[in-house]
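See structure below.
The values are calculated or read from the model by the stated rules, or taken from the named source; none is laboratory data. This structure is a prediction, so every number in the text was calculated from the model and none was measured. Heads up, the Cβs are rebuilt from the backbone with ideal geometry, glycines too, and the neighbour counts pull from every protein chain shown. Note: accessible area is taken over every heavy atom of the protein model, side chains too, but ligands, DNA and RNA are not part of it. Shrake-Rupley method; radii C 1.70, N 1.55, O 1.52, S 1.80 Å.
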Amino acid sequence: MEWLLFVPLAALALGTAAFVILLRNPIYCALALVGTFFALSGLYLLLQAEFVAVVQVIIYAGAIMVLFLFVIMLLDVGHEPPPWLRRDRPRLLLGLGLVALLVLELAVAIGSWIAPGIRGPYTSDYVNAVGNTQLIGRLLFTEFLIPFEITSIILLIAIVGAMVLARRQ
Amino acid sequence: MDLVLPRIDWAPLAAMLPVAFGGLAALVGDLFLPAGRKRFIPALGLASLALSILVSIGLWGTVRFSVNDAVVLDRFALFSYLVFALVSILSILLSMDYLDASAPDQGEYYSLVLFSTLGMMLMAAGGDLIVIFLGLEMLSLALYTLCGFRKAELRSNEAALKYLLLGAFASSFFLYGIALIYGATGTTVLRRIVAFLADGRPPSTLLLVGTGLLLVGFGFKVASVPFHMWTPDVYEGAPTSVTAFMIAGTKAAAFAALVRVFLMALPTLQVQWSAPIWVLAVLTMTLGNLVALVQNNIKRMLAYSSIAHAGYLLVALVAGGSPGATSILFYLVAYALMNLGAFAVIIALQARGQELLSVADYAGLGFRRPVLSACMALFMFSLAGLPPTAGFMGKLFIFSAAVEGHYHELAVIGVLNSVVSVYFYLRPVVVMYMNEPAIERPLVPSSAAAIWAVALSALGTLQFGLFPGRLLDLARQSVAALGG
């Protein structure tokens, strides 16, 4: 049953992601990326990660992409011809070849996946009993306490970096 | 449901805290210091690094794990902290007069240097792939900004943008690798991965692909061929003090993490990962050295040389086991000293903001600046791997580890490469002593702090070249957990 939802959502995610790099107009690219985010959010729902799914839409599709669109419109970014119209076909082919190799490698990996993953402690029954959001909160403050705190320093660095680079001299 | 907060063991974090607080203090201090007193900020950075070194020495020998193995305290982590602190101290000394004294961004510069040092420490001490990734991001984010620090210079902007785009690309490979490893083993904690693999069942393809993707991510960071494309442009465009920091620091951190992941957590897969790394090592050594032959810009030459050195270090990784890991640690110290020393000379020789970047600029300096030129010659000898320098000892240990691990062909290729490299390392030296300068440049007094950095590096290069025993012993203790 899951396949009925998984396949169209995955195809949508891949297709819109391809449009992000193939379309000419940066605004269309940004809108295609919004589509990718929605498709991903659907995949998260399928995995019963409701919180992550909602956050994906609110933060990425909502806040970040709106900001992207503002920047694109304010800067009036020019229309670049897509890569296949530029005269570097050898590189494009090389890139596509490498992508095909990677896809093949992954296909082999998943095909020969004899031990189908490891059953972790977070089964859907357990997640539903505790509550999706509650469980994430608990994990962040217990098992992943230190990575969580490290992230705050990383965000600080990002802010400082943006300030340094954006400030007038 | 009530939440029981985990008890935090502070010992594994103790050496990081001074660096983290130093970074914060540099930011805040900048606000309150009057324009003439900005020299206080680098001094503060040096003090926090010195404190971190003292803590590391005090903790030597302790083994502890923090919450859920996120950060590990062992001799390997502490040894790496000392290397990073050395790199960071020398880089701060280099920067003190290189940055315009009246530049408004002093606080941010030094705080980013300290935060990237913190990122390196997390990479070396991460007991969880997620923490190693976060350390990598912390290091990289700070470096992206530092590369673009000279906003008015186009090359600096280009360096920052290139590094950001390719760095983000590399990070996504790394994350993908972590995700696949999590899928295959059910954990990202290194100790649990070891336990999972201990029962001797054949590794699933999923795990192997994950490991391969992780290797690609690391390959970008250590600038190994074919993931080296960004290196020359970024190292050339970034401000010289930042290039020095990156060339020594990023490599040290990435190799510390490589040893922790590949030699400590995944030794059971060595049969599988040693073959691709063998290929990477040969390509990296050879291409780095051959392309360095034709470089005229000294920063670009050192960038290709750093690629070649990544190749030598990969040889040690293939050799594996305790000898391989020991020689990696020893080489990282030697590598940091000789590279930072060479960059310190470049900065000390600059005249009125005019850097001597082309090899021809060094003509005739041998007699006009005898001491600095002699030091430059020493660092170049060391980079080429000639005795009696630390670089020679480092290469000796790497190649003997390769022979011990029955990789004779790698040792031979490595030695041949070193012979090739002698040509381009000695070219600046020859130019300094044999050529007449085309134009007379006025002699300008050098920055005192940069001279200190030159002196420290020269001392270290000679010390570990003549008496390598003690450092080698420390390195051997640091990887004792590996056995063998």
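Values as computed for the structure displayed
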read-out: Exclusive hit being touching a residue at least 12 places away in the same chain (Cβ under 8 Å) and out of contact with any Phe, Trp or Tyr (no Cβ under 8 Å at 6 or more places or on another chain), set B:Leu213, B:Leu180, B:Leu164; value: B:Leu180
read-out: Total residues in the range A:134-168, condition open to solvent by 70 Å² or more (accessible area, probe 1.4 Å) and under 22 Å from the mean Cα position of the chain (by Cα); value: 3
read-out: Helices (runs of 4 or more DSSP H) contained entirely in the range B:169-269, each with at least 2 residues that are aliphatic (A, V, I, L, M) and either over 28 Å from B:Ala85 (Cα atoms) or within 12 Å of chain A (Cβ to nearest Cβ) (or both); value: B:190-197, B:205-221
read-out: In the range B:53-73, residue surrounded by the most Cβ atoms within 10 Å (Cβ to Cβ) [restricted to those that are more than 14 Å from chain A (Cβ to nearest Cβ) and touching a strand residue (DSSP E or B) at 6+ places or on another chain (Cβ under 8 Å)]; value: B:Leu59
read-out: Tabulated pairs, the range A:153-168, first at the interface with chain B (Cβ under 7 Å from one of its Cβ atoms) and assigned to a helix (DSSP H, G or I), second crowded, with 16+ Cβ neighbours inside 10 Å and of a type in the set (Val, Ile, Thr), C-beta under 6 angstrom, 6+ apart or interchain; value: A:Gly161/B:Thr145; A:Val164/B:Thr145
read-out: Residue match in the range B:133-142 (condition: open to solvent by 40 Å² or more (accessible area, probe 1.4 Å) and more than 10 Å from chain A (Cβ to nearest Cβ)); value: no
read-out: Residue satisfying condition, being farther than 23 Å from A:Leu156 by Cβ, at pLDDT 85 or above and open to solvent by 20 Å² or more (accessible area, probe 1.4 Å), within set B:Leu31, B:Leu27, B:Leu17, B:Leu86; value: B:Leu86
read-out: Evaluation of B:Val282 against (1) assigned to a helix (DSSP H, G or I); (2) open to solvent by less than 10 Å² (accessible area, probe 1.4 Å) (one fails), failing number; value: (2)
read-out: Yes/no for B:Ala50 being touching a Ser or Thr at 6+ places or on another chain (Cβ under 9 Å) and more than 14 Å from chain A (Cβ to nearest Cβ); value: no
read-out: Where A:Ile72 falls short, out of the listed (1) modelled with pLDDT of 80 or more; (2) exposed (fewer than 13 other Cβ atoms within 10 Å of the Cβ); (3) more than 12 Å from chain B (Cβ to nearest Cβ); value: (2)
read-out: Scan of the range B:393-414 for residues that are open to solvent by 60 Å² or more (accessible area, probe 1.4 Å) and under 22 Å from the mean Cα position of the chain (by Cα), ordered by number; value: B:Leu396
read-out: Restricting the range B:34-43 to residues that are open to solvent by 50 Å² or more (accessible area, probe 1.4 Å) and in contact (Cβ under 8 Å) with a residue 12 or more places away in the chain, the residue that is farthest from the other protein chains (Cβ to nearest Cβ); value: B:Arg39
read-out: Qualifying residue in the range B:104-112 (condition: more than 18 Å from A:Ile146 (Cβ to Cβ), outside any helix (DSSP H, G or I) and open to solvent by less than 40 Å² (accessible area, probe 1.4 Å)); value: yes
read-out: Index of the failed condition, B:Met380 passing every other in (1) of a type outside the set (Ser, Thr, Tyr); (2) closer than 27 Å to B:Leu472 by Cα; (3) surrounded by 24 or more Cβ atoms within 10 Å (Cβ to Cβ); (4) in contact with a Ser or Thr (Cβ under 6 Å, 6 or more places away or on another chain); value: (4)
read-out: Filter result (touching a residue at least 24 places away in the same chain (Cβ under 8 Å) and over 15 Å from the mean Cα position of the chain (by Cα)) within the range B:126-135; value: B:Gly126, B:Gly127, B:Asp128, B:Leu129, B:Ile130, B:Val131, B:Ile132, B:Phe133
read-out: Test for B:Leu349: is it within 24 Å of B:Phe464 (Cα to Cα) and in contact (Cβ under 8 Å) with a residue 40 or more places away in the chain; value: no
read-out: Close pairs from the range B:361-378: first within 11 Å of B:Asn435 (Cβ to Cβ), partner of a type in the set (Val, Ile, Thr), Cβ under 6 Å, at least 6 apart; value: B:Tyr362/B:Val431; B:Ala363/B:Val431
read-out: Residue list for the range B:301-325, filter: within 17 Å of the chain's Cα centre (by Cα) and open to solvent by 10 Å² or more (accessible area, probe 1.4 Å); value: B:Tyr304
